[in-house]
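Beneath this line is the structure, given in structure tokens, with notes to follow.
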Amino acid sequence: MPLVQTNNLPTYQRLRDEGHQILTRERAEKQDIRDLHVGLLNMMPDAALAATERQFFRLVGSSNPISQFHMHVFTLDSIPRGEVAKEHIDHYYESFDSIKEQGLDALIISGANVTEADLSQEVFWEPLMHVAQWAHENVTSTLCSCLASHALFLGQHGIQRRPLRKKCWGVFEHEMVERTHPLVSSMNTHILVPHSRFNDVSAAQLKKHGIHVLAHGDEPGVQLAVSPDGFRTVYFQGHPEYDRISLMKEYKRDVGLFVSGELDAYPPMPKNYFNEFATVLLVEYREKLLAAIRTDGLVPDFPEAHIVETLQNTWHDSGEAVVGNWLGLMYQLTNADRRLPFMDGINPDDPLGWLAQSADTHG
């Protein structure tokens, strides 16, 4: 939570110049410290449905030990589901109509399974655009994960993603390139984030449309960006929500697709993820598997049990920090009535403008 400026001590202005949130007494007196209601639009396929819930719940729940968060999970009816997933959704998920009626303070949109080269041809496209438009009109801020970012780049800004020559795959370093933005001003200048995608939207494409890039890496490109207004939409191109084992599970799945003939080539390992021991083990496993395929022998079991304990999560703290800052800003902006996006006096086209106003008042 932000500091409250009690006098004209120069340190307050110095911190404000660095991008930290400093409230005036007048602003602090208007704060309504209450529970926040956060929606999660879970578009992931059946096998990843519950894991995605856990990942984002952890990220939100660990971001602020003082605040309380109500999570409202829903999905899109247009996404095909199996019987088990349907039962899970029917039993535990809310309807979008109910969410619209009750309102949200914030919205998170997950990735999704993609089958079309053109995102606008996906079965979820029209319903997703409807949710995004409703959120823009009624929710303080929306946070998008990977595929959801690509979809909103296209739907709201006309930015087409570009296919990569090879999969962007692993854990990569990123530098904060706009360090005074309140989403990142309190964070390390370099962070690690997992990526897993075959497509990319570049910093140049985003800047051309007024979108602010906050974190960027040489190999993975953009990780974190915000809409032209600075806050209404937050875009992740990577996956800071991933668990320690998420990339391993995805690699194991890809190996299985190769064995079944659905992938032509043996999948590469994710970069900067497996340690030396795990890498040697997986190279040995690959040779045994390829030998078994050549001789029609028994395919060996993937050595998951031997690898799990070697895996490290080097990205959760930075993901938690971004989400914590995002939710902290929500307290400064959202209306006490969660059906309304902003408290009185906040300009929806410049929701962070009050920070500059505070600086002008006490500069």
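Key figures
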| item | result |
| --- | --- |
| Unmet criterion (only one of (1) hydroxyl-bearing (Ser, Thr, Tyr); (2) surrounded by fewer than 21 Cβ atoms within 10 Å (Cβ to Cβ); (3) not assigned by TED's automatic domain parsing to the domain that holds Met44) for Tyr251 | (2) |
| Residues (in a strand (DSSP E or B) and surrounded by 18 or more Cβ atoms within 10 Å (Cβ to Cβ)) located in segment 173-199 | His174, Met176, Ile191, Leu192, Val193, Pro194, His195, Ser196, Arg197, Asn199 |
| Segment 149-172, subset within 16 Å of Ala203 (Cα to Cα) and among the charged types (D, E, K, R), residue surrounded by the most Cβ atoms within 10 Å (Cβ to Cβ) | Arg161 |
| Any hit, segment 272-291, residues being crowded, with 17+ Cβ neighbours inside 10 Å, touching a strand residue (DSSP E or B) at 6+ places or on another chain (Cβ under 8 Å) and at negative phi | yes |
| Selection status of Glu87, farther than 30 Å from Glu18 by Cβ and in the same structural domain as Asp229 (by TED's automatic domain parsing) | yes |
| Residue satisfying condition, being in contact with a strand residue (DSSP E or B) (Cβ under 6 Å, 6 or more places away or on another chain) and either surrounded by fewer than 18 Cβ atoms within 10 Å (Cβ to Cβ) or under 23 Å from Gly319 (Cβ atoms) (or both), within set Leu107, Leu59 | Leu107 |
| Ser186 over 17 Å from the mean Cα position of the chain (by Cα) and among the small types (Gly, Ala, Ser) | yes |
| Sole exception among (1) within 20 Å of the chain's Cα centre (by Cα); (2) not assigned by TED's automatic domain parsing to the domain that holds Cys144 for Ser318, by number | (2) |
| Count of residues meeting criterion [touching a Phe, Trp or Tyr at 6+ places or on another chain (Cβ under 9 Å), of a type outside the set (Gly, Ala, Ser) and in a loop (DSSP other than H, G, I, E, B)] in segment 75-104 | 6 |
| Any hit, segment 292-315, residues being aliphatic (A, V, I, L, M), without any contact (Cβ under 8 Å) to a residue 12 or more places away in the chain, part of a helix (DSSP H, G or I) and out of contact with any Ser or Thr (no Cβ under 6 Å at 6 or more places or on another chain) | yes |
| Total residues in segment 119-148, condition buried (at least 20 other Cβ atoms within 10 Å of the Cβ), part of a helix (DSSP H, G or I) and of a type in the set (Gly, Ala, Ser) | 3 |
| Gly210 small (Gly, Ala, Ser) and in contact (Cβ under 8 Å) with a residue 24 or more places away in the chain | no |
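The values are calculated or read from the model by the stated rules, or taken from the named source; none is laboratory data. Values in this document were obtained by computation on a predicted structure and should not be read as measured data. As a convention, Cβ positions derive from the backbone with ideal geometry for all residues, glycine included, and neighbour counts pool all protein chains shown.
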